[in-house]
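Undergrad: Got a structure for you, written out below as structure tokens; questions coming shortly.
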Amino acid sequence: MKKLVVITGANSGVGLELSKTFASDEHLLLLLSRDIETIESLNLPNSLCRKVDVTDYDSFQAAVDEAVSKWGPVDCLINNAGVLFMNDFVDQTPDQWRQMLDVNVLGVMNGIKTVIDSMKERKSGTIINIGSLSGHKMIEGQTVYCGSKHALKGITEGLRAELADHNVRVSLISPGAIETNITQRSQSSKYAKGQNAWAKSIGGLLDPTEVSKAALYIYEQPQRVCIREITLAATRQVI
């Protein structure tokens, strides 16, 4: 089997497709999510599924330690878990702001902390952060979410510089709108109808598999090659 890959938010959307893609490529997998019923039901080979909230550093570290003791060091961490609440800033709650910042920023930092020392010591490893086109521009109804993804972009770039001399790669994937249930769960009624009409008008959104293939492409490059960022969106998406 190939080396150990850790994927967060593995139970749905992009995370689920990442899990399938890397399983098909015969990687050892640690699959983390707050809910794991769907990913467990797939019975992917050579995988551990653990119920972990990425904002809880101790449980994150415990899951990584378990996988490392079973299979050896983490060679790739894919920080995919994310939260989006789509609404005007004034109509959101402080708890919604906190969740987006905790998961989209601090949760990623927790994941990095669990693997960084080992990667530096071995002078090898790959960290792939799943960002968003919202980390490059501001989008209506996504003020705080955009802020969290801008922060993730900055952290990714800074970490890449810190780890370059240790031969550790840090990459960012910034997708446009994706056909997942994250927006269906998170939109206010004010935006839901317009969002659905917009998706139809551009011939559909990205499929999660297109993002998972981009991640595998980044990872499959020689260790001396770091694809710093991939930005992708549906061809007809303009914003």
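The values are calculated or read from the model by the stated rules, or taken from the named source; none is laboratory data. Since the model is a prediction, treat every value here as computed from it, not as a measurement. Ideal geometry is used to build each Cβ from the backbone, glycine not excepted, and the neighbour counts take in all protein chains shown.
Undergrad: In region 146-155, which residues are within 14 Å of Gln92 (Cβ to Cβ) and over 14 Å from the mean Cα position of the chain (by Cα)?
TA: Cys146, Gly147
Undergrad: Which of the numbered conditions does Glu121 fail, given that it passes all the others? Conditions: (1) under 29 Å from Asp165 (Cα atoms); (2) touching a helix residue (DSSP H, G or I) at 6+ places or on another chain (Cβ under 8 Å).
TA: So the condition that Glu121 fails would be (2).
Undergrad: In addition: How many residues are under 17 Å from the mean Cα position of the chain (by Cα), assigned to a loop (DSSP other than H, G, I, E, B) and surrounded by fewer than 19 Cβ atoms within 10 Å (Cβ to Cβ) when one looks only at region 77-119?
TA: Looking only at that region, the number is 0.
Undergrad: Considering only residues of region 120-144 that are among the polar types (S, T, N, Q) and over 16 Å from the mean Cα position of the chain (by Cα), which is modelled with the lowest pLDDT? Working first, answer last.
TA: Step one: list which residues in region 120-144 are among the polar types (S, T, N, Q), which gives 124, 126, 129, 132, 134, 142-143.
This time we only want the ones that are over 16 Å from the mean Cα position of the chain (by Cα), so: 124, 142-143.
Values: Ser124: 98, Gln142: 93, Thr143: 96.
Applying the filter and picking the extreme gives Gln142.
Undergrad: Here's another thing I want to ask about it. Among Ser19, Ser47, which is among the small types (Gly, Ala, Ser), within 21 Å of Ile112 (Cβ to Cβ) and either touching a strand residue (DSSP E or B) at 6+ places or on another chain (Cβ under 7 Å) or buried (at least 23 other Cβ atoms within 10 Å of the Cβ) (or both)?
TA: Ser19
Undergrad: Which of the residues spanning region 41-82 are closer than 15 Å to Leu28 by Cα and β-branched (Val, Ile, Thr)?
TA: Val64, Val68, Val74, Ile78
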